[in-house]
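The values are calculated or read from the model by the stated rules, or taken from the named source; none is laboratory data. Worth saying up front: this structure is predicted, and the values here are computed from it rather than measured. Positions of Cβ are backbone-derived with ideal geometry, glycine not excepted, and every protein chain shown enters the neighbour counts.
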Amino acid sequence: MPLRSSELPANLTCTQTPGLAVVIVGDRSDSATYVRMKKKACADAGIASFDCDLPGDASQADVLAAVEAFNTNPAVHGILVQLPVRRGWQPVAAVLTAPLPSCPST
C-alpha cells in the first residue's frame, strides 16, 4: 500500500514539495497505463508530477534534451524515463545515465 502524505510523521519538516518527472516516448498503451498509475500515486502522496510526452519518432537527442530540462528544474527531484523508448537506440544507457546536476545540501 502506498504511503500517503497524511501518514507522514507529524515532526517531519519539508521545505519543498518533492517532484517526479516522467519522459515517455510514443503511445504504447502499456507504458501509458504505467505512467498514469505513477502520476496517480504521486498525487495521492502529495508529490508534484511533471511529464514530457514525446512522439514515437522522437530522437534520442530529444529524450536527452527532456532529461536535461528536468535535471535543471529545481522542482524535479527524480526522473522516470519510461522504457522501452524506441528500438534501435544504441545505447539506451546514454538516456538512463544522463548527468545529474549537483544537489545542494540544504
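Regarding Ser49, is this residue of a type in the set (S, T, N, Q), in a helix (DSSP H, G or I), at pLDDT 90 or above and surrounded by 10 or more Cβ atoms within 10 Å (Cβ to Cβ)? Considered against the rule, which asks whether it is of a type in the set (S, T, N, Q), in a helix (DSSP H, G or I), at pLDDT 90 or above and surrounded by 10 or more Cβ atoms within 10 Å (Cβ to Cβ), Ser49 comes out as no. Each residue in segment 55-68 was checked for being out of contact with any helix residue (DSSP H, G or I) (no Cβ under 6 Å at 6 or more places or on another chain) and either in contact (Cβ under 8 Å) with a residue 40 or more places away in the chain or assigned to a strand (DSSP E or B) (or both), and 2 of them qualify.
Checked against the criterion of being part of a helix (DSSP H, G or I), acidic (Asp, Glu) and more than 26 Å from Thr15 (Cα to Cα), segment 35-46 has no qualifying residue. A search for C-beta distances below 7 Å between a residue of segment 77-93 that is modelled with pLDDT of 70 or more and any residue that is of a type in the set (Lys, Arg) and surrounded by 13 or more Cβ atoms within 10 Å (Cβ to Cβ), counting only pairs 6+ apart in sequence or on different chains, returns Leu80/Lys38.
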